[in-house]
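S.K.: Before anything else, here's the structure in question.
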Amino acid sequence: MDKPPLKMNIMQVAYNGYLYNDSNSQAKLDPHDSRKDKRIIDVYHYLTNQYVYSFTIPEEGKENIREIWITSKYFYVLQDNLLIKYKRMHTPSIDE
């Protein structure tokens, strides 16, 4: 083996029936540079194994995201020594 295997999933967080997956893979239809300076979070309903939606979060500086927390209204990212708070724009219900 010339190269180590590619790590596909960087981090996962479960909240209220949903799995938030920080994925290292690029979608086929995304432009080649769409991941530059941002992370793509894919959301799945983990009881039905269905993809729900994706969203991006900017990467501040060169440090990796260390932790992610989710509440009913906010999405928090710990990156290096920064705690960044984002308002959740889409809060799916279990009945969707």
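S.K.: For labels at Tyr53 and Tyr86 in the simple 7 Å Cα→Cβ model, what's the distance in nm?
M.R.: So the label points at Tyr53 and Tyr86 sit 1.2 nm apart.
S.K.: Grab the Cα-Cα distance for Tyr46 and Trp69, subtract it from 0.36 nm times how many residues apart they are, and report the gain in nm with one decimal.
M.R.: 6.6 nm
S.K.: Largest first, how would Val52, Val13, Val43 line up by accessible area (1.4 Å probe)?
M.R.: The ordering from most to least exposed comes out as Val52, Val13, Val43.
The values are calculated or read from the model by the stated rules, or taken from the named source; none is laboratory data. Computed from a predicted model, the values in this text were never measured in an experiment. Glycine also receives a Cβ, built like all others from the backbone with ideal geometry; neighbour counts cover every protein chain displayed. Side chains are part of the model used for accessible areas, which takes the heavy atoms of the whole protein and leaves out ligands, DNA and RNA. Shrake-Rupley method; radii C 1.70, N 1.55, O 1.52, S 1.80 Å.
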